[in-house]
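Down below is the structure, laid out as structure tokens.
The values are calculated or read from the model by the stated rules, or taken from the named source; none is laboratory data. In this text, all values refer to a predicted model and were calculated from it rather than measured experimentally. Cβ placement follows ideal geometry from the backbone for every residue including glycine, while neighbour counts extend to all protein chains displayed.
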Amino acid sequence: MSIDDKNDRIFKALAASSRRAMLDMLKDRPQTTGELCARFPALDRCTVMQHLKVLEAADLVIVTREGRERWNHLNPLPIKEIHDRWIGPYAATAVDLLGRLKGDLEG
């Protein structure tokens, strides 16, 4: 899979508010699929599973099984890679511009 295909999957996964909410819920600790289903009463189990499959395909969620339970773990590395590629450089440029503007205004 090319880096562009990988990034497309990540951005597609992050595009849905339900999936972002699931990732937020996994920030503090892994959760079972049943726990996630209970936290989304408006969605049926099948829909939650579909969202989790999209997150798993984007490598944002790592799944482990313990007996009958399916545990969902957040994988923050793809988000960090996007930050390093897209956000970090743009933020650095913006800070440099603000520094020059401040210097021009003070000078």
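Below are the figures for this structure:
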{"read-out": "Residue match in segment 56-67 (condition: part of a helix (DSSP H, G or I) and loosely packed, with under 12 Cβ neighbours inside 10 Å)", "value": "no"}
{"read-out": "Qualifying residue in segment 79-90 (condition: within 30 Å of Asp4 (Cβ to Cβ), touching a strand residue (DSSP E or B) at 6+ places or on another chain (Cβ under 6 Å) and surrounded by 12 or more Cβ atoms within 10 Å (Cβ to Cβ))", "value": "no"}
{"read-out": "Restricting segment 20-47 to residues that are outside any helix (DSSP H, G or I) and hydrophobic (A, V, I, L, M, F, W, C), the residue that is farthest from Leu77 (Cα to Cα)", "value": "Ala42"}
{"read-out": "Evaluation of Ala58 against (1) free of Cβ contacts under 8 Å to residues at least 40 places away in the same chain; (2) closer than 17 Å to Leu14 by Cα (one fails), failing number", "value": "(1)"}
{"read-out": "Selection status of Val54, of a type in the set (A, V, I, L, M) and in contact with an Asp or Glu (Cβ under 7 Å, 6 or more places away or on another chain)", "value": "no"}
{"read-out": "Looking only at segment 63-82, and only at residues there that are farther than 13 Å from Gln31 by Cα and hydrophobic (A, V, I, L, M, F, W, C), the one that is modelled with the lowest pLDDT", "value": "Ile82"}
{"read-out": "Exclusive hit being loosely packed, with under 11 Cβ neighbours inside 10 Å and closer than 26 Å to Ile87 by Cβ, set Lys12, Lys27", "value": "Lys27"}
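So that you can scan it fast, the table gives a plain yes or no per residue for (1) on the phi > 0 side of the Ramachandran plot; (2) assigned by TED's automatic domain parsing to the domain that holds Ile10; (3) among the aliphatic types (A, V, I, L, M):
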site: Arg45; (1), (2), (3): no, yes, no
site: Ala58; (1), (2), (3): no, yes, yes
site: Arg65; (1), (2), (3): no, yes, no
site: Glu69; (1), (2), (3): no, yes, no
site: Glu81; (1), (2), (3): no, no, no
site: Leu97; (1), (2), (3): no, no, yes
site: Leu101; (1), (2), (3): no, no, yes
